[in-house]
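> Just dropping this structure here.
Coordinate-derived values only; no laboratory data. All figures in this text were calculated on a predicted structure; none of them were measured in a lab. In this analysis, Cβ positions are derived from the backbone assuming ideal geometry, glycine residues included, and neighbour counts consider all displayed protein chains.
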Ligand SMILES: NC(=O)c1ccc[n+]([C@@H]2O[C@H](COP(=O)([O-])OP(=O)(O)OC[C@H]3O[C@@H](n4cnc5c(N)ncnc54)[C@H](O)[C@@H]3O)[C@@H](O)[C@H]2O)c1
């Protein structure tokens, strides 16, 4: 992901990739080769990089459990004005909140890399909502990916459709019978979760194995119609109103990439749009759509979903725990997945 971030900075007319830090020296050297970073600006320790180079913007593309240490370390450094960190935000609820507090305290712009907010299937769906094409949004259904890893995108996008409001409660159940560890974090095999935003919009997420309940990545149900995104075996974006279904043009983009990226491209055009947005936000002082504060709305739903499983009941928010209940249930033996057969 670091390469994808760097490619997008390289494509921005006011950005230059000036340095990198990686605890594995060969990885740092390979990255430096790819982005013409001079040898004296390649570091193993990010703090030495900050001291020596003083970058304006730092991208953090390491596993979630390390995010807080590096985000807070960068926020404290005078030179750093903006941090763009990979999703999922963090490995625990308390850690996610501490990062946002630290960046607020040091007045550093903090964003999390939910690049899909810049993908046409989602921006066009949002436009349909804003233009009142389906009346008032009442329910969001997610039938894509999983709860924690993809959820950092899908629950974030649900939040965008719901007007970036916080949730009021979450109820959930999961199945974890075969071990699945990604970027150092356990990932359930199947999950059902339901929550309500404080503006009355409800959401459900049915994800993982054996879930064919929802026929699209997203279904947005309103008082006068329905929007479907990435319909199984159907169009990328569809508007249903008055019994008629209409395909909405998204310029060939899908939920993963723009579809028109050249073959030598590392990441999608969505990352370029994201970098443009975060530089524009730095200039204007406006809160970016990917801000840490908005990211907390998503992280709270994800950790509250796991807390609902642990508590065997609905969790009313704000969430008053510190840990990651899913990881705790594995450590304590409440959940004991079998090793995956590769
Ligand atoms: N936005 C997205 O769509 C998306 C997609 C895939 C992955 N991700 C996220 O991106 C993150 C990174 O994923 P990746 O596929 O690039 O992983 P990766 O393992 O390919 O790269 C991570 C790099 O970080 C280095 N590293 C680890 N600890 C470090 C430290 N303390 N200081 C400096 N460098 C350190 C590693 O040596 C490695 O080179 C993960 O958190 C993952 O969840 C996001």
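> Taking every DSSP beta bridge with both residues inside segment 78-200, roughly what % is antiparallel (nearest 5)?
Values: 10 of 14 bridges.
Taking every DSSP beta bridge within segment 78-200, about 70 percent pair in antiparallel fashion.
> Continuing with this model, one more query. For segment 39-102, calculate the relative contact order in percent as a whole number, restricting contacts to Cα pairs under 8 Å that are 6 or more residues apart. Don't skip to the answer; put the middle values down first.
Working: 72 pairs, mean separation 21.4, N = 64.
Reported as a whole number, the value is 33 percent.
> Place the peptides 60-70, 18-28 in order of packing, highest mean first, counting for every residue the other Cβ atoms within 10 Å and averaging per peptide.
Numbers: 60-70: 18.6, 18-28: 16.3.
Ranking, from highest mean packing down: 60-70, 18-28.
> I've got another one for you. Need one number: % antiparallel among DSSP beta bridges in the chain, to the nearest 5.
On the way: 39 of 54 bridges.
Approximately 70 percent, going by the DSSP bridge assignments.
> With 17 Å as the cut-off, how large is the P(r) tail for segment 242-286, expressed as percent of Cα-Cα pairs? Walk me through the numbers before you get to the answer.
Numbers: 533 of 990 pairs.
It works out to 54 percent of all Cα pairs.
> Rank these for me by crowding, 123, 207, 226, going from fewest to most other beta carbons within 10 Å.
Numbers: 123 15, 207 24, 226 18.
Ascending number of Cβ neighbours within 10 Å: 123, 226, 207.
> Give the angle, between 0 and 90 degrees and rounded to the nearest 10, that separates the Cα long axis of helix 120-130 from the longest principal axis of the Cα atoms of the chain.
60
> Once the Cα atoms of segment 1-120 are picked out, what are the Rg and Dmax in Å?
Spelled out, the Cα radius of gyration and Dmax of segment 1-120 are 13.9, 40 Å.
> So, one more: So which residue, out of 74, 85, 15, gets the largest mean-square fluctuation from a GNM of the chain using Cα contacts under 10 Å as springs?
With Cα springs under 10 Å in the chain, the top fluctuation among 74, 85, 15 is at 15.
> OK, next. Report relative contact order for segment 57-136 in percent, whole number only (criteria: Cα-Cα under 8 Å, sequence separation at least 6). Before the final figure, lay out each step's value.
Details: 94 pairs, mean separation 22.4, N = 80.
Relative contact order of segment 57-136: 28 percent.
> Please give the peptides 186-192, 78-84 ranked by average Cβ packing (other Cβ atoms within 10 Å per residue), highest first, as a rough proxy for protection.
Values: 186-192: 20.1, 78-84: 17.9.
Taking the mean over residues of other Cβ atoms within 10 Å, the ranking is 186-192, 78-84.
> What percent of all Cα-Cα pairs in segment 225-342 falls into each 5 Å bin, going from 0 up to the bin containing the maximum distance?
Histogramming segment 225-342 at 5 Å steps yields 2, 8, 11, 10, 10, 14, 17, 16, 9, 3, 0 percent.
> Another one. Cut-off is 10 Å between beta-carbons; in what order do 120, 76 appear when sorted fewest neighbours first? Provide the component values of the computation, followed by the final result.
Details: 120 22, 76 15.
The most exposed by this proxy come first: 76, 120.
> Give me the percent relative contact order of the chain, please, defined on Cα pairs under 8 angstrom at least 6 residues apart. Walk me through the numbers before you get to the answer.
Details: 671 pairs, mean separation 65.6, N = 342.
Once divided by the residue count of the chain, the mean separation gives 19 percent.
> Next question. Nearest 10 degrees, 0 to 90: what angle lies between the long axis of helix 93-105 and the longest principal axis of the chain (Cα atoms)?
The two axes meet at around 60 degrees.
> Can you give the helix-only mean residue ellipticity at 222 nm for the chain, where every DSSP H stretch with n ≥ 4 adds -39500 (n - 2.57) and the sum goes over all residues, rounded to the nearest 500 deg cm²/dmol?
Details: 10 runs with 119 residues, N = 342.
After summing the helix terms and dividing by the residues of the chain, the value is -11000 deg cm²/dmol.
> For segment 1-32 and segment 123-196, write down the distance between their C-alpha centroids in whole Å.
30
> Quote the convex hull volume per residue of segment 44-111, based on C-alpha atoms, as a whole number of Å³.
Details: hull volume 4.6 nm³, N = 68.
Given the Cα convex hull of segment 44-111, per-residue volume reads 68 Å³.
> Choose one answer from 246, 168, 124: the residue with the largest mean-square fluctuation in a GNM of the chain with alpha-carbon springs under 10 Å.
Result: 246 has the largest fluctuation of those listed.
> Right, something else. Just report the Cα centroid separation between segment 280-342 and segment 228-273, whole Å.
Taking the Cα centre of each part, segment 280-342 and segment 228-273 sit 28 Å apart.
> Is the shape of segment 97-223 rounded, prolate or oblate, going by the alpha carbon gyration tensor and its root eigenvalues a ≥ b ≥ c, with a/c under 1.5 for rounded and a/b larger than b/c for prolate? Spell out each step's value before the answer.
Working: a/c = 1.67, a/b = 1.04, b/c = 1.61.
Oblate.
> The chain: D in µm²/s via Stokes-Einstein (Kirkwood Rh, Cα pairs, 10 °C, 1.306 mPa s)?
Numbers: Rh = 21.0 Å.
The Stokes-Einstein estimate is 76 µm²/s.
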